[in-house]
């Protein structure tokens, strides 16, 4: 058989590489493309990313691990292992869920006193104190910007499981706290692209428009969309604790928005809706009374 | 002592003649640089995940280099029959063991230094600060740990038939200690007697290699470990290294070379 000259082989390989590149580059760009605002309600329910291509649906198994990694980074590595008998709360998610950033949570001292001299020595070589990246970190004087270190894990968690809503909401909370509203908005668009009509994400988007972009009208419209999507959910989702909390948040923000616009009848209507699910109905009743007083003071208005 | 140094020199030369170090270094560099080139939320200052990945690769590479290198030293000498002229120099069997150990340990230290230099350059260029002492301490502790691993592997190469079985068994043992070692006492407490005492005995017998793993501290900027604690850990490592070398010598002394 005639030997092919190396130059020809090289040319053939280069041609093959070029052909493959022209085929794969557009596909690879599409895998990692961030959806635009216009795309977020197109009904595509799954992210078409590189992890899906490599791992298939099995990638969802790793999403919780990625979320745990974000929490571990938030604690600068001081984190219980599977051998430590401890109920792990995700402190990284607490502020995003409206809870206070509690320094002494369940993961505070999961280690307990060292049982032997070897364990006591070992603890000198590993992170051994409960700290939060957002409040000083291990040294006590880490800037809050360092909390950005958790973001890659939250992004990976959403890549692994695009239906994991907590990863989006927690990521958006910290992006907003790091004064990155554009990135937070893009992340929410990505979440909505993968979870069309998700009322929690729509609520967060409204909050972002209201507080970071100071666009009250867009915020109100987004919250109205969130309310519609919430009402379109099944009975079980609406009566769950989280579902009620979300309804309370949406209606309260809509009421606040209407009150700022001077639309007191609408504000009272939303407050009445919030009262049905709120854990503080008396406080809301006071606000309703206040709204009705204002309504009565306005010429040409009637009680709703 | 000159005899031991001569043997040591041969082992170190072997490190850069073989391709293991270069392949593992290039692999570590490529994976780290690829991970570092990723940008999350348009923020170029996010760095800890790169540090984490690079440190993990350094640990894996260092263990690979050390175990494969130490496992083949004595079997290779026996297989190629160079052990006979070596022992006829005259060199005692104890000197062979010491020379091989020192050679492997220094060679793994050299390789580790190259990896840590790369790590420092990569993280420094992204973080714009250089905690040199922290990196030096991490390097030193890991190198001390590699001393125990080298001695363990030399013992394994005397006990097991072929270098491949030594490498496989040592990898399982070392990985087992690194992953489970520090949790064995917790596991023991959740078991009934006599299993509890058995697990606790294993816990106190095994060399706790995970003591020397300060990756979490380096990645999350926890600062330096107290040097006194490092000294205690070094004494602990010296005791185990000495014990394994003694056992290797005892085994090698009675071993037939034919």
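The values are calculated or read from the model by the stated rules, or taken from the named source; none is laboratory data. Bear in mind the structure is a predicted one, so any value in this text is a computation, not a measurement. With ideal geometry, Cβ positions are generated from the backbone for all residues, glycine too; neighbour counts draw on all protein chains shown.
Give me a count of the residues in the range B:41-54 that are over 24 Å from residue B:217 (Cβ atoms) and more than 10 Å from every other protein chain (Cβ to nearest Cβ).
So the answer is 1.
Take residue B:58 and decide whether it is within 30 Å of residue A:187 (Cα to Cα) and surrounded by 14 or more Cβ atoms within 10 Å (Cβ to Cβ).
It is false that residue B:58 is within 30 Å of residue A:187 (Cα to Cα) and surrounded by 14 or more Cβ atoms within 10 Å (Cβ to Cβ).
Before we move on, is residue B:120 in a helix (DSSP H, G or I), modelled with pLDDT of 90 or more and within 12 Å of chain A (Cβ to nearest Cβ)?
In short, no.
Looking at the range A:202-222 only, could you name the residues that are touching a residue at least 12 places away in the same chain (Cβ under 8 Å) and within 17 Å of residue A:180 (Cβ to Cβ)?
Selection gives A:204, A:205, A:207, A:208, A:209, A:210, A:211, A:212, A:213.
How about the range A:119-161: which of its residues are farther than 17 Å from residue A:188 by Cα, under 19 Å from the mean Cα position of the chain (by Cα) and more than 11 Å from chain B (Cβ to nearest Cβ)?
Selection gives A:132, A:134, A:144.
Here is a list of conditions, (1) over 22 Å from residue A:251 (Cα atoms); (2) touching a residue at least 60 places away in the same chain (Cβ under 8 Å), and residue A:170 meets all of them except one; can you say which number that is?
(1)
Out of (1) surrounded by fewer than 17 Cβ atoms within 10 Å (Cβ to Cβ); (2) within 14 Å of another protein chain (Cβ to nearest Cβ); (3) more than 19 Å from residue B:221 (Cβ to Cβ), the odd one out for residue B:128 is which?
(3)
Return yes when residue B:214 is within 14 Å of another protein chain (Cβ to nearest Cβ) and either at pLDDT below 90 or within 17 Å of residue A:119 (Cα to Cα) (or both) and no when it is not.
It is true that residue B:214 is within 14 Å of another protein chain (Cβ to nearest Cβ) and either at pLDDT below 90 or within 17 Å of residue A:119 (Cα to Cα) (or both).
Working carefully through the options B:60, B:91, find the one that is at pLDDT 90 or above and either closer than 20 Å to residue B:11 by Cβ or within 14 Å of the chain's Cα centre (by Cα) (or both).
The unique qualifying residue is B:60.
Do we find a residue being in contact (Cβ under 8 Å) with a residue 40 or more places away in the chain, within 14 Å of chain A (Cβ to nearest Cβ) and either surrounded by 19 or more Cβ atoms within 10 Å (Cβ to Cβ) or closer than 24 Å to residue A:147 by Cα (or both) anywhere in the range B:31-40?
Scanning the range B:31-40 turns up at least one residue that is in contact (Cβ under 8 Å) with a residue 40 or more places away in the chain, within 14 Å of chain A (Cβ to nearest Cβ) and either surrounded by 19 or more Cβ atoms within 10 Å (Cβ to Cβ) or closer than 24 Å to residue A:147 by Cα (or both).
If you take the residues in the range B:83-95 that are assigned to a loop (DSSP other than H, G, I, E, B) and touching a residue at least 40 places away in the same chain (Cβ under 8 Å), which one is nearest to residue B:253 (Cα to Cα)?
Only one residue tops the list, namely B:91.
All but one of (1) away from chain A (no Cβ under 14 Å); (2) closer than 21 Å to residue B:237 by Cα; (3) in contact (Cβ under 8 Å) with a residue 60 or more places away in the chain hold for residue B:162; state the number of the condition that does not hold.
Unmet condition: (2).
Looking only at the range B:172-195, filter to residues that are exposed (fewer than 15 other Cβ atoms within 10 Å of the Cβ) and away from chain A (no Cβ under 12 Å); which one of those is nearest to residue B:147 (Cα to Cα)?
Among residues in the range B:172-195 that are exposed (fewer than 15 other Cβ atoms within 10 Å of the Cβ) and away from chain A (no Cβ under 12 Å), the one nearest to residue B:147 (Cα to Cα) is B:175.
Does residue B:26 count as away from chain A (no Cβ under 14 Å) and out of contact with any helix residue (DSSP H, G or I) (no Cβ under 6 Å at 6 or more places or on another chain)?
yes
Residue B:223 is checked against (1) at pLDDT 95 or above; (2) within 14 Å of another protein chain (Cβ to nearest Cβ) and fails just one. What number does that condition carry?
Of everything listed in (1) at pLDDT 95 or above; (2) within 14 Å of another protein chain (Cβ to nearest Cβ), residue B:223 misses just condition (1).
Examine the range B:149-159 for a residue that is within 14 Å of chain A (Cβ to nearest Cβ) and buried (at least 17 other Cβ atoms within 10 Å of the Cβ), and state whether such a residue exists.
No; the residues of the range B:149-159 include none that is within 14 Å of chain A (Cβ to nearest Cβ) and buried (at least 17 other Cβ atoms within 10 Å of the Cβ).
Among B:200, B:240, which is the only one that is part of a helix (DSSP H, G or I) and within 21 Å of the chain's Cα centre (by Cα)?
Every option except B:240 fails the conditions.
Is at least one residue of the range B:227-234 under 15 Å from residue A:127 (Cβ atoms) and either at pLDDT below 90 or away from every other protein chain (no Cβ under 11 Å) (or both)?
no
Just one of (1) assigned to a helix (DSSP H, G or I); (2) at pLDDT 90 or above; (3) crowded, with 20+ Cβ neighbours inside 10 Å trips up residue B:207, so point out which.
(1)
If the requirement is being closer than 17 Å to residue A:78 by Cα and out of contact with any strand residue (DSSP E or B) (no Cβ under 6 Å at 6 or more places or on another chain), which of these qualifies: A:131, A:158?
Being closer than 17 Å to residue A:78 by Cα and out of contact with any strand residue (DSSP E or B) (no Cβ under 6 Å at 6 or more places or on another chain) holds for just one of A:131, A:158, which is A:131.
Go through (1) modelled with pLDDT under 90; (2) within 30 Å of residue A:60 (Cβ to Cβ); (3) touching a helix residue (DSSP H, G or I) at 6+ places or on another chain (Cβ under 6 Å) and name the single condition residue A:173 misses.
Among (1) modelled with pLDDT under 90; (2) within 30 Å of residue A:60 (Cβ to Cβ); (3) touching a helix residue (DSSP H, G or I) at 6+ places or on another chain (Cβ under 6 Å), residue A:173 violates only (1).
Residues are listed down the side, and each one gets a yes or a no for (1) buried (at least 17 other Cβ atoms within 10 Å of the Cβ); (2) within 14 Å of another protein chain (Cβ to nearest Cβ); (3) touching a strand residue (DSSP E or B) at 6+ places or on another chain (Cβ under 8 Å); (4) modelled with pLDDT of 70 or more:
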residue	(1), (2), (3), (4)
A:24	no, no, no, no
A:30	no, no, no, no
A:38	no, no, no, no
A:46	no, no, no, no
A:64	no, no, no, yes
A:74	yes, yes, no, yes
A:77	yes, yes, no, yes
A:91	yes, no, no, yes
